[in-house]
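These notes concern the structure reproduced below.
The values are calculated or read from the model by the stated rules, or taken from the named source; none is laboratory data. Everything quoted here is computed from the prediction, not taken from an experiment. Virtual Cβ from ideal backbone geometry, glycine too; neighbours counted across all protein chains shown.
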Ligand SMILES: Cc1ncc(COP(=O)(O)O)c(C=O)c1O
């Protein structure tokens, strides 16, 4: 054994203590640390890798060169994209995941644990047991895996096995309908060979991002027998809008389509009493994507993928009949349902955090985040130089400077972020440059939202003529 490696093995205790101390120096300052740091000021550095230096010295180098540029994205003042932090129990689970270093899918205990954990989350989300679930790396992969199942289903309806024969070009293009799909849906359609341009945008309800169901019906009735795919939203990124799943469920009784719901963050509406009405009827879906590294507040990268058609999904992701990779027959062979064969033990952080805080804990986090977003929305709506651009249904506040205020919203965003106290991200909503606030961190409370509003108001004031 290499002498440095041998020494590290002997000092594993101290190395892990170093990891703990470094972690704490980040976590203990999350409330005050800069939420988003650029790297343009970083000094140039070349690393000599010919001879090693051991883990402790590598940690010292990391701390001096990279660590000062780590953003507090896991903290309570980061409102960009839709970002969560890590609960203490999730972090515990994630540390253990690395320490145990199990090959999920091959090791029986991880497969058993994943099945048990999926069952707990089905219960949390109020989903019936006919949904099969697995862990994947994120919302994008979850959408992609579910849409792969959808593609297989469409082909099956047409008498074609896409998993064996490839794309069926003889039966015309495969149609996908959606009103406000997330960008990852387009990416998934590209990966799957369905094609980005074969997504047909359905009209939205007035002043909403939700599907106008009567317009969807019109489009479906053009070719009522032809199987198609409808991608619905449980939480759009701009305004957190939801499609009407009860109406879509009824439509499904009349037309032949696969209903996929992208609930990357909005799926968590189901855990809070005041918000679960938003997902009413979502159990009629064929597949659902829900992120874990967003509102569940577990470390990246983790998401749930639920489907009512595991057999079709398996046809797509079956790894071939390789004797050396056969499972024990007693536990679920997840590798035949998802893209990765070798998989991280993603169910462990998710299990820990749910056991630690329970349904009540998550109802509190989601309810608090939504309540705070709603309160911020009201304050922005009442501000004479700001426009609230959509009703705050969940945890997203979308706003811009009033057109007649003379304030450029882009400049407003730049100045807000330049305070280095909070971080918000841009969007374009109804052809207008806009700012989004996504409240999805377990640490964010009243104090942080008051502070955010103060910053928005004082920057607005400083820019007004
Ligand atoms: C609605 C929606 N779908 C999908 C995604 C993609 O998720 P991920 O970044 O985890 O791949 C996101 C991420 O913001 C999202 O908000």
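Are any residues in the stretch 224-238 surrounded by fewer than 19 Cβ atoms within 10 Å (Cβ to Cβ), more than 11 Å from the ligand (Cβ to nearest atom) and touching a residue at least 40 places away in the same chain (Cβ under 8 Å), and if so, which ones? Steps first, answer last, please.
The initial filter retains those residues of the stretch 224-238 that are surrounded by fewer than 19 Cβ atoms within 10 Å (Cβ to Cβ), namely 224-226, 238.
Next, from what is left, pick out any that are more than 11 Å from the ligand (Cβ to nearest atom): 224-226.
Of everything in the stretch 224-238, just one residue is surrounded by fewer than 19 Cβ atoms within 10 Å (Cβ to Cβ), more than 11 Å from the ligand (Cβ to nearest atom) and touching a residue at least 40 places away in the same chain (Cβ under 8 Å), namely 226.
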Give the residues of the stretch 122-158 that are in a helix (DSSP H, G or I) and within 16 Å of the ligand (Cβ to nearest atom), sorted by residue number. 125, 139, 140, 141, 142, 143, 144, 145, 146, 147, 148, 150
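Please state which one of 53, 49, 37 is surrounded by fewer than 19 Cβ atoms within 10 Å (Cβ to Cβ), within 23 Å of the chain's Cα centre (by Cα) and not in a helix (DSSP H, G or I).
Working: 53 fails: within 23 Å of the chain's Cα centre (by Cα); 49 fails: within 23 Å of the chain's Cα centre (by Cα).
Among 53, 49, 37, only 37 is surrounded by fewer than 19 Cβ atoms within 10 Å (Cβ to Cβ), within 23 Å of the chain's Cα centre (by Cα) and not in a helix (DSSP H, G or I).
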Residue among 169, 137, 141, 173 that is surrounded by 14 or more Cβ atoms within 10 Å (Cβ to Cβ), over 16 Å from residue 287 (Cα atoms) and either under 16 Å from the mean Cα position of the chain (by Cα) or free of Cβ contacts under 8 Å to residues at least 60 places away in the same chain (or both): 137
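What is the residue count in the stretch 417-428 for residues that are assigned to a strand (DSSP E or B) and crowded, with 20+ Cβ neighbours inside 10 Å? Steps first, answer last, please.
Kept after step one, since they are assigned to a strand (DSSP E or B), are these residues of the stretch 417-428: 423, 425-428.
After this cut, where a residue has to be crowded, with 20+ Cβ neighbours inside 10 Å as well, the list is 423.
Selection size over the stretch 417-428: 1.
If you take the residues in the stretch 321-370 that are in contact with a strand residue (DSSP E or B) (Cβ under 6 Å, 6 or more places away or on another chain) and outside any loop (DSSP other than H, G, I, E, B), which one is nearest to residue 393 (Cα to Cα)? Show your work before the answer.
Of the residues in the stretch 321-370, the ones in contact with a strand residue (DSSP E or B) (Cβ under 6 Å, 6 or more places away or on another chain) are 334, 337-338, 343, 345-347.
Still in the list and also outside any loop (DSSP other than H, G, I, E, B): 334, 343, 347.
Details: 334: 35, 343: 36, 347: 30 Å.
For the stretch 321-370, the residue satisfying everything is 347.
In the list 377, 327, which residue meets the criterion of being at pLDDT below 95, more than 22 Å from the chain's Cα centre (by Cα) and surrounded by 15 or more Cβ atoms within 10 Å (Cβ to Cβ)? Steps first, please.
Details: 377 fails: at pLDDT below 95.
One residue alone meets the criteria, 327.
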Conditions (1) free of Cβ contacts under 8 Å to residues at least 40 places away in the same chain; (2) over 30 Å from residue 453 (Cβ atoms) -> residue 68 fails only (2)
Do we have any residue at all in the stretch 378-395 that's within 18 Å of residue 84 (Cβ to Cβ) and outside the structural domain of residue 107 (by TED's automatic domain parsing)? yes
Contacts under 6 angstrom Cβ, first residue in the stretch 325-343 being on the phi > 0 side of the Ramachandran plot, partner buried (at least 18 other Cβ atoms within 10 Å of the Cβ) and at pLDDT below 95, 6 or more apart: none
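A quick yes/no check of all residues on (1) part of a helix (DSSP H, G or I); (2) under 10 Å from the mean Cα position of the chain (by Cα); (3) within 10 Å of the ligand (Cβ to nearest atom); (4) modelled with pLDDT of 95 or more:
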{"site": "249", "(1), (2), (3), (4)": "yes, no, no, yes"}
{"site": "258", "(1), (2), (3), (4)": "no, no, no, yes"}
{"site": "274", "(1), (2), (3), (4)": "no, no, no, yes"}
{"site": "277", "(1), (2), (3), (4)": "yes, no, no, yes"}
{"site": "283", "(1), (2), (3), (4)": "yes, no, no, yes"}
{"site": "294", "(1), (2), (3), (4)": "no, yes, yes, yes"}
{"site": "299", "(1), (2), (3), (4)": "no, no, no, yes"}
Residue, farthest from residue 428 (Cα to Cα), within the stretch 179-200, restricted to residues that are within 16 Å of the ligand (Cβ to nearest atom) and without any contact (Cβ under 8 Å) to a residue 40 or more places away in the chain: 190
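Checking the structure you have, find out if any residue of the stretch 309-320 is in contact with a strand residue (DSSP E or B) (Cβ under 8 Å, 6 or more places away or on another chain) and either in a loop (DSSP other than H, G, I, E, B) or within 16 Å of the ligand (Cβ to nearest atom) (or both). Quick ask: steps written out before the conclusion?
Residues of the stretch 309-320 that are in contact with a strand residue (DSSP E or B) (Cβ under 8 Å, 6 or more places away or on another chain), as a first pass: 309-310, 313.
With either in a loop (DSSP other than H, G, I, E, B) or within 16 Å of the ligand (Cβ to nearest atom) (or both) added as a condition, the list becomes 309.
Yes, the stretch 309-320 contains a residue that is in contact with a strand residue (DSSP E or B) (Cβ under 8 Å, 6 or more places away or on another chain) and either in a loop (DSSP other than H, G, I, E, B) or within 16 Å of the ligand (Cβ to nearest atom) (or both).
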